[in-house]
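Student: So that we are looking at the same thing, I have put the structure below in structure tokens.
Quick note: the coordinates plus some simple rules give every number you see, no bench work behind them. Please read all numbers here as calculations on a predicted model, not as lab measurements. Because the Cβ atoms are built from the backbone with ideal geometry, glycine has one as well, and the counts that use them run over all protein chains shown.
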Amino acid sequence: MSEIEMPPQYAGQYSDPQDTEGHVADAARTLAALRTSQWLTFVLDAVSEFESNANNRIEHLEYDDEAQFSFDPVLSGFASAIEGFFPKVQGAISPVSTIMGGIQASYEAKLASALAGAKLRLHDSVGALVQAARERATLAEAAIQDAVPATIEDGMTWVDSASTDPDYVASLCEWIGFPQPTRENTVDPVRQSLENPFFGVYQGVRAQLFRTEGVPGLDDDDLSPVRWEHEAVVSQAQLYSQQGEAAWNKIYEGMLPDN
């Protein structure tokens, strides 16, 4: 059985160490709400950065024939990233999971119909995904905000000695499940959750376009969309583990003209 991580206890002097008047709880609620709001801002930044990069890459595709693809891996990757940031906030997990479970329907409702050509359809898919992602992330943030008071109250029951000292309140929020959002712990993983599966979809589409146009010396087995998509996801993940943010551009280098 794993050892339970105990909450931080205040080691200094405080007139109300058990917070009978609720001053520490109030400070913790305020900070947790602020961190949740900051988290949403970072998430939306990540989505916007992905949108710009993806649309740029689509424009550099060599051909523009018909191609079949699914954005399901991109949708599920984003949903998992959103659900994974607040793992300790039990009161918010159920509604957030429900909210993110609706991202597929939201995405499909925003897709245009009767579009022809890989580029137009990919651009439309990116646009629909971005709209759905922003919508669902905003709803998730509201659900988490609703869970803040009860979550802080529950966390405070484990605390024997507290204080309104800012450093202590910050460490308490961290323990309860509201870490300080940063680019490293929010923007990067959220954007990677989009960039990685998108690169797989992108390469699967390229394989189809090469099949249609023909590549001397390569047959359909060489141009397998399923294999290209799988290998793209694996190679991008490996590069990201080595180079971080640089992988989002590096993985495309040498692949397309005028990149």
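Student: Nearest 10 degrees, 0 to 90: what angle lies between the long axis of helix 225-243 and the longest principal axis of the chain (Cα atoms)?
Tutor: The helix 225-243 is inclined about 50 degrees to the chain.
Student: Using the Karplus curve 6.51 cos²θ - 1.76 cosθ + 1.60 with θ = phi - 60°, work out ³J(HN,Hα) for each residue of region 148-153 in order, rounded to whole Hz, and write x for Gly and Pro.
Tutor: For region 148-153, the Karplus-derived couplings read 4, x, 5, 5, 5, 4 Hz, x marking Gly and Pro.
Student: Also: Explain nothing, just compute: Karplus ³J(HN,Hα) = 6.51 cos²θ - 1.76 cosθ + 1.60, θ = phi - 60°, for every residue of region 201-215 in order, whole Hz, x for Gly and Pro.
Tutor: Result, rounded to whole Hz: 4, 4, 5, x, 5, 4, 4, 5, 5, 5, 4, 5, 7, x, 10.
Student: Is region 1-42 best put as rounded, prolate or oblate by its Cα gyration tensor, with a ≥ b ≥ c the root eigenvalues, rounded for a/c under 1.5, and otherwise prolate when a/b is larger than b/c, oblate when not?
Tutor: oblate
Student: What is the Cα centroid distance between region 135-156 and region 40-59, reported in whole angstrom?
Tutor: Their Cα centres are 25 Å away from one another.
Student: Between Glu153 and Thr30, 0.36 nm times their residue separation minus their Cα-Cα distance comes to what? Numbers along the way, then the final one.
Tutor: Details: separation 123, 0.36 × 123 = 44.28 nm, distance 1.26 nm.
Roughly 43.0 nm would be gained on extension.
Student: What Kirkwood hydrodynamic radius, in Å, does region 172-259 give when the mean of 1/r is taken over all pairs of distinct Cα atoms and then inverted? It would help to have the intermediate numbers written out before the result.
Tutor: Numbers: mean 1/r = 0.0672 Å⁻¹.
For region 172-259, the Kirkwood estimate is 14.9 Å.
Student: So for the chain, taking the charge dipole from beta-carbon charges (+1 Lys/Arg, -1 Asp/Glu), which of Gly12, Gly77, Leu31 sits furthest toward the positive end?
Tutor: It is Gly77, whose Cα lies furthest towards the positive end.
Student: Rounded to the nearest 500, what is the 222 nm mean residue ellipticity of the chain from helices alone, with -39500 (n - 2.57) per DSSP H run of 4+ residues and division by all residues?
Tutor: Working: 9 runs with 169 residues, N = 259.
For the chain, the value works out to -22000 deg cm²/dmol.
Student: While we're looking at this one, here's another question. Could you let me know the centre-to-centre spacing of region 167-231 and region 80-132, using Cα atoms, in angstrom?
Tutor: First find each Cα centre; the distance between them is then 15 Å.
Student: A further question follows. What relative contact order, as a whole-number percentage, does the chain give when Cα pairs under 8 Å and 6 or more residues apart are counted?
Tutor: Numbers: 299 pairs, mean separation 88.1, N = 259.
Relative contact order of the chain: 34 percent.
Student: Where the eigenvalues come from the Cα gyration tensor of region 23-250, what are the semi-axes √(5λ) of the equivalent ellipsoid, largest first, in whole Å?
Tutor: 41, 17, 13
Student: Can I ask one more? Can you tell me the length gained on complete extension of the stretch Lys88 to Thr182, counting 0.36 nm per residue apart and subtracting the Cα distance?
Tutor: Details: separation 94, 0.36 × 94 = 33.84 nm, distance 1.79 nm.
Here the answer is 32.1 nm.
Student: While we're here: May I ask for the net charge around Ala143, where only other residues with Cβ less than 14 Å from the Cβ of Ala143 are counted and Lys, Arg are +1 while Asp, Glu are -1? Could you put the intermediate results ahead of the total?
Tutor: Working: positive: Arg136; negative: Glu83, Glu135, Glu141, Asp146.
Combined, the nearby Lys, Arg, Asp and Glu give -3.
Student: Counting Lys and Arg as +1 and Asp and Glu as -1, each charge on the Cβ, what is the dipole of the chain about the Cα centre in debye, to the nearest 20?
Tutor: 360 debye
Student: Can I ask one more? Among Val148, Leu120, Gly217, whose Cα lies farthest out toward the positive end of the dipole of region 23-250, if unit charges sit on the beta carbon of Lys, Arg (+1) and Asp, Glu (-1)?
Tutor: The residue sitting most towards the positive pole is Val148.
Student: Once phi is turned into ³J(HN,Hα) by the Karplus curve 6.51 cos²θ - 1.76 cosθ + 1.60 with θ = phi - 60°, what whole-Hz value does each residue of region 132-137 show in order, with x for glycine and proline?
Tutor: Those phi angles translate into 5, 5, 5, 4, 5, 5 Hz.
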